[in-house]
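Input: a single structure, listed below in structure tokens.
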Amino acid sequence: MSIKSIVALTDGSDLNSVLSVAVALTGRLSARLDALHIKPDPYDMIPIGIEGMSGDAIDEMVDVATRATEERRARAKAEYDRVCAPSGQSVNWKEVVGRSSKMLSMASRFADLLVLAQPDDKSPDTLFDAADTALFESGRPVVFVPSGASSVLGNRIMIAWNGSTQAALAVTAALPVLHLARQVDIIQAGEIDKELSANELALYLALHGIKAQNHAIDVGIQSIGGTLIAAAERFESDLIVMGAYGHSRFRERILGGATRDLLKDSPWPILMIH
């Protein structure tokens, strides 16, 4: 398996970090990057329940929505021109009109990896919808990029391992990145079956030519998420690989505790798959 097609969504409050990480991954993997900008249809932005409003009032609302959309597009394109265009990598600006979830779903079918901003409480609905689609519907690995993330990543990778199917899928999806890392640390937080231990994962990775150090960590009174973040700091990790646990909407945070905590508190990009 290789990663040759990357799609980065140009949404979020810190596009510089998102695009910088996407460009870094593109160069590292000798891939192609599509910076996907999704423009909503202005008529979709009109609130429900406008019966009785005059045509002029509706036209004014559409004009306001159109101006906001164009301003957002101009900011995203300017960031693309600053970060991506001069990078020397294979990059492409792709602009589509429609609902974010549907457009990202369509784009993901021809992508090996998705890169999105990590949504927070200030993020627009479009980013939450896109995160839902990316994580729960695309079937593709997703790199979530927190605000202020460094574009230097993939040299020291930490795998959060608990023996689950989701964690195994994340490791498999990350193999092209793991191959290029100088250091790979497997963190097993808590007890799991011996047959599924970090030792077994290290042996599996060795079959792929990847040398990894495994570490069993006692969680104690700390949360698993907090334990993993402390481990990433200790090993100076720049990328975390983990499975995504949960079954419902990103906004509602119906996710496993470690997934939720890392997405909320990690200062490093996280590669995950559901």
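Some observations on this one:
- Sum of -39500 (n - 2.57) over DSSP H runs of 4+, divided by residues of the chain (222 nm, nearest 500): -12500 deg cm²/dmol
- Percent RCO, i.e. relative contact order, over segment 94-164, from Cα pairs under 8 Å lying at least 6 residues apart: 34 percent
- Relative contact order (percent, whole number), segment 156-273, Cα cutoff 8 Å, 6+ residue spacing: 33 percent
- Model label sites at Arg67 and Ser105, defined 7 Å from Cα along the beta-carbon direction, differ in position by 3.4 nm.
- When Tyr80, Tyr204 are sorted by how many other C-beta atoms sit within 10 angstrom of their C-beta, beginning with the fewest, the order is Tyr204, Tyr80.
- Sites excluded, trypsin sites (Lys or Arg not before Pro) in DSSP loops with at most 15 other C-beta within 10 Å, longest stretch of the chain: 5-108
- Filter on Lys94/Lys264; Lys211/Lys264; Lys4/Lys102 - keep pairs with C-alpha separation over 27 Å: Lys94/Lys264; Lys211/Lys264
- Annotation: extensible slack from Lys94 through Tyr204 equals 35.8 nm (criterion: 0.36 nm per residue apart, minus Cα-Cα distance).
- Most simply put, segment 156-273 has about 5% antiparallel DSSP beta bridges, counting only bridges with both residues inside it.
- Relative contact order (%) - criterion: Cα under 8 Å, at least six apart; region: the chain: 21 percent
- Virtual spin-label span in nm between Ser13 and Asp121, 7 Å along Cα→Cβ: 1.0 nm
- Unit charges at the beta carbon, dipole of the chain: most positive-side option, Val97, Gly154, Tyr204: Tyr204
- Charges were assigned to the Cβ only: +1 to each Lys and Arg, -1 to each Asp and Glu. The resulting dipole of segment 5-145 about its Cα centre is roughly 840 debye.
- Estimated from the Cβ-Cβ distance and a Förster radius of 45 angstrom, the FRET efficiency linking Asn155 and Ala78 is about 0.95.
- Segment 151-209: GluC sites (Glu not before Pro) in DSSP loop, at most 14 other beta carbons within 10 Å: Glu191
- Cβ charges +1 (Lys, Arg) and -1 (Asp, Glu), total dipole of the chain, debye: 940 debye
- In order along segment 6-16, the Karplus-derived 3J(HN,Hα) couplings, from 6.51 cos²θ - 1.76 cosθ + 1.60 at θ = phi - 60°, round to 10, 10, 10, 7, 8, 9, x, 7, 10, 5, 4 Hz, and Gly and Pro are given as x.
- Cα centroid separation, segment 112-136 to segment 177-237 (Å): 26 Å
- Along segment 135-149 the Karplus relation, 6.51 cos²θ - 1.76 cosθ + 1.60 evaluated at θ = phi - 60°, assigns HN-Hα couplings of 7, 9, 10, 6, x, 10, x, 10, 9, 8, 10, x, 4, x, 5 Hz to successive residues, with x for each Gly and Pro.
- Note on the chain: antiparallel DSSP beta bridges, both residues inside, total approximately 10 percent of the bridges counted.
- Ranking of Asp121, Asp34 by count of other Cβ atoms within 10 Å, fewest first: Asp121, Asp34
- Counting beta carbons within 10 Å around each of Met272, Met61, Met1 and listing the fewest first gives the order Met1, Met61, Met272.
Every number here is computed from the coordinates shown, using simple stated rules; none is lab data. From a predicted model like this one, the values you see are computed outputs, not experimental measurements. Positions of Cβ are generated from backbone atoms using ideal geometry, with glycine treated the same way; all protein chains shown enter the neighbour counts.
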